[in-house]
1. Counting only Cα, what are the radius of gyration and maximum Cα-Cα distance Dmax of region 114-197, in Å?
2. When the Karplus curve 6.51 cos²θ - 1.76 cosθ + 1.60 is applied with θ = phi - 60°, which whole-Hz ³J(HN,Hα) does each residue of region 179-192 get, with x for Gly and Pro?
3. Using a 1.4 angstrom probe and counting only protein chains, how large is the accessible area of GLU78 in Å², to 10?
4. Return one quarter of the surface area of the convex hull spanned by the alpha-carbon atoms of region 75-137, equal to its mean projected area, in nm².
5. Could you pull out the trypsin sites (Lys or Arg not before Pro) across region 72-147 that fall in loop regions by DSSP (anything but H, G, I, E, B) with no more than 13 other Cβ atoms inside 10 Å?
6. Can you tell me how much longer the chain between VAL131 and GLN203 gets when fully stretched, taken as 0.36 nm per residue apart minus their C-alpha distance, in nm with one decimal?
7. Once you have the Cα-Cα distance between ASP173 and LYS88, take 0.36 nm times their residue separation minus that, and quote the gain in nm to one decimal.
8. Taking 22 Å as the cut-off for C-alpha to C-alpha distance, list the pairs among LYS93/LYS135; LYS93/LYS136; LYS81/LYS185 that go past it.
Amino acid sequence: MPFSRDLSKPQPLEFHAEMLLGLQRPHNGSLQRRHTMKEAKDMKNRLGIFRRRNESPGANPPGKLDKVLKSLKPTPEEALKWGDSLEKLLLHKYGLAAFRAFLRTEFSEENLEFWLACEEFKKIKSQSKMVSKAKKIFAEYIAIQSCKEVNLDSYTREHTKENLQSITRSCFDLAQKRIYGLMEKDSYPRFLRSDLYLDIINQKKASSPL
């Protein structure tokens with residue numbers, strides 16, 4: 001069972017940084033993870049400067065960066081809807097980024113990455129590209145002892161392997177369904193109880209004047 005570490009809990013501004021630095025950035029090993037978090041912290045420091053500037057008397061009108069941040073960040077009401085279902089969370093760009101950041105603190109980001117890879121796979125139209133992508137997904141996430149191996153039962157693993165003999169858009173459907181179920185029953189409820197999510201839905205209280 002994945003464990004969490006308090007020191008790596010992302011803060012709200014770091015989620016903004018995640019969005020600005022790119023939602024689909026690949027992560028290869030602990031070195032890449034440390035590099036990514038360093039980028040996020042650097043961006044957080046820069047964002048803190050803009051926030052203090054805007055909160056000070058006579059501050060200049062919000063710049064382009066501030067407008068981008070405001071357009072990405074959900075209202076507490078929007079974020080509350082993420083609690084309805086995992087599907088609603090994943091359909092929201094900022095919600096997806098927040099959930100990914102949360103999974104990173106639990107070292108289980110590969111589950112979401114696999115699910116996203118399957119979603120992208122189903123959009124491929126070229127058969128040759130589909131074959132190439134399918135082999136890559138299997139080697140990266142499903143093969144035993146692969147670098148980002150997801151937790152699948154032996155039947156699902158073998159079933160998916162057999163599907164590669166005749167690749168179609170549905171060849172990863174069962175495996176994707178299994179991983180979605182794991183996230184829905186395990187990581188998703190913990191995300192809804194996390195400081196990360198609670199900070200987002202309670203932001204109105206924190207920003208209200210005394």
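1. According to the Cα coordinates of region 114-197, Rg and Dmax are 14.0, 45 Å.
2. 5, 4, x, 4, 5, 5, 8, 10, 5, 4, x, 5, 4, 5
3. Roll a 1.4 Å probe over it and GLU78 shows about 80 Å².
4. So the Cα hull casts an average projection of 5.1 nm².
5. Taking region 72-147 and a limit of 13 other Cβ atoms within 10 Å, the loop trypsin sites (Lys or Arg not before Pro) found are LYS123, LYS125.
6. 21.4 nm
7. Gain in length upon complete extension: 28.6 nm.
8. The answer is LYS93/LYS135; LYS93/LYS136.
The values are calculated or read from the model by the stated rules, or taken from the named source; none is laboratory data. Computed from a predicted structure; not experimentally measured. Cβ sites come from the backbone with ideal geometry, for glycine too, and all protein chains shown count toward neighbours. Heads up: the accessible areas ignore ligands, DNA and RNA and are worked out on the full protein's heavy atoms, side chains in. Shrake-Rupley method; radii C 1.70, N 1.55, O 1.52, S 1.80 Å.
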